Each structure stands twice: as C-alpha cells, then as structure tokens.
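Quick notes on the structure that follows.
Every read-out reported here was derived from the displayed coordinates using simple, explicitly stated rules and does not represent laboratory data. Since the model is a prediction, treat every value here as computed from it, not as a measurement. For neighbour counting, all protein chains shown are included, and Cβ atoms are generated from backbone atoms with ideal geometry for every residue, glycine included.
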Amino acid sequence: MVPRAFRPLSACLAALLCGSLASASRADIYQHERSDGVIEISNTQKRGKLAAREAAPRAVRVVDAKAQSRYDEYIRQAAALYQIPEELVRAVIRVESGFDPRAVSRTNACGLMQLMPATAERMMVADIFDPRQNIFGGVRYLRVLANLFNGDLQLTLAGYNAGENAVIKHAGIPPYAETREYVVKVLEHYRKYRDLAVAAPARAR
C-alpha cells in the first residue's frame, strides 16, 4: 500500500480526533511500581505470572520545561510544513526521548523522535542526531503514516511505534503491549499539550 501525496492532516483529524481521544480517556489506565522502583503505565491490569513474563517497560522520564521548549522553532517549522499538529509532535518527542537529542534505544532508535536508521534514510535524514533533521524526519514519517491510514490518529501512532507493516498485517493496532501503551501515553500528552496551548492566550490577557 503506497502513501498518497501529502495532504493536510487537520481535516482528517477534526472528525477522528474527538473519537480517538474520547476512547483513550475512557480506557482504564493502570500504574504499577516494580520492585526496582520503575513505574509502569498500562491500559491493562497485570496479574500474577502474566505480568512477570512481560518485558520491562521504559522508566518514566522527568523532563524540565527548558528541555521541552528548546526545540520549539524546529517543531513549529516541521509541523507547518507537513501539516501535523505541533502538540502531537511535542507529545511524540516527549514519549520517545524525553527531549533528549542523544537518546538511543535498545533497538538502536536514535534522537529526539527515536528514528530507526532505515526510517531516517527513507525520510532523507543525513544526521540522525541533528535535532532539526531528526524532528523534520520524524514529522515527515508521521505525515506519511497519516496519509497511509487516512488520518486515523491511533493507527498513525501505532505505525510510528511498531511500523506500518505491523498495522497493516493486524488490520489495526497490533496486539503488542508496548504499542498499545505507547498510543495511550502519546494521546495523554497530546491532550495535555493542547490544553496548555488553549490556556496560554487566556493567561496572557
């Protein structure tokens, strides 16, 4: 399945976003503290041996306000170019790397938007650790996924985490705990960033 030409995401998301966020907000969110102090956040309750068998999740990152605003201009530019909401870009970066431009995952995803080297090459990123290039490459990939999945926000995020082929294969969000939790977390941060954006003009008055 080949992505269609770039088109504004806002029109697609306008109808889909409310439903996506509503379903996410209705979902039960469970928080578990492991014996090593790492906090797990999940939309499924874990019990007994099933929980013990699951792979260890990422630790919850603490991100200061300065780190979150450091790349504002790049985020604005990329969001405008590829017609992706700024708040969504911010939410993806928050969950992916905690705004750490040198972050490298255990699967070798790199930079602010945690691009895999093959994805970075597809998105024409020459220096994966350059913040501007990484953000533009990541947002471009979100645009490709949004086009591919007809603006469905949850499928777009699932594709970003698990790859578009996994979403196509399972005809929806893949049944991977990490991917399902990822979609929930990004939507939560997206909602928070949107609320902050709405509140900012009111505070300025």
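Worth a mention:
- Between Lys169 and Asp72, full extension at 0.36 nm per residue minus the direct alpha carbon distance yields a gain of 31.4 nm.
- Highest to lowest packing among 143-155, 166-178, scored as the average C-beta count within 10 Å: 143-155, 166-178
- Label-point separation, Val104 to Glu121 (7 Å along Cα→Cβ), nm: 1.8 nm
- Three-way shape call for the stretch 134-205 based on the alpha-carbon gyration tensor, with the a/c threshold at 1.5: prolate
- Under the simplified labelling scheme, the Ala80-Asp195 pair shows an inter-label distance of 2.9 nm, with each label point 7 Å from Cα along Cα→Cβ.
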